Amino acid sequence: SIDQARAAALAVQPGQIVAEELEAEKGGSGLRYSFDIKASAQTHEVGIDAQSGKILENTVEGSHPD
């Protein structure tokens, strides 16, 4: 569920979620939750596989996020 994905994202990257979405993605189960998490002065993008709950991405967004 999105609640479980949200908790997993915050476990790997503590902060405040400023954006979230369910995206179609190649690989994995085909769906992932994407969270933008603000921590200090940086925003991190954390991707969670919608079916397995596996962390797919944990990166710092640049000055031009997509």
Checklist entry - Listed highest first by mean packing, meaning other Cβ atoms within 10 Å per residue, what order do 29-37, 42-50, 54-62 come in? => result 42-50, 29-37, 54-62
Checklist outcome for this item: Residues whose modelled amide H sits under 5 Å from the amide H of residue 61, counting only those 5 or more places away in sequence or on another chain, are 43, 44, 45
Checklist entry - In degrees between 0 and 90, to the nearest 10, how far off the longest principal axis of the chain does helix 2-12 point, with axes built from Cα atoms? => result 50 degrees
Next on the checklist: For the pair residue 52/residue 2, report the inter-label distance in nm, with labels modelled 7 Å from Cα in the Cβ direction.
Outcome noted: 2.4 nm
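Bear in mind these aren't lab numbers, they're just calculated from the coordinates by the rules spelled out. Being a predicted model, the structure only gives us computed values, none of them experimental. Methodologically, a virtual Cβ is constructed for each residue, glycine included, from the backbone with ideal geometry; neighbour enumeration extends over all protein chains shown.
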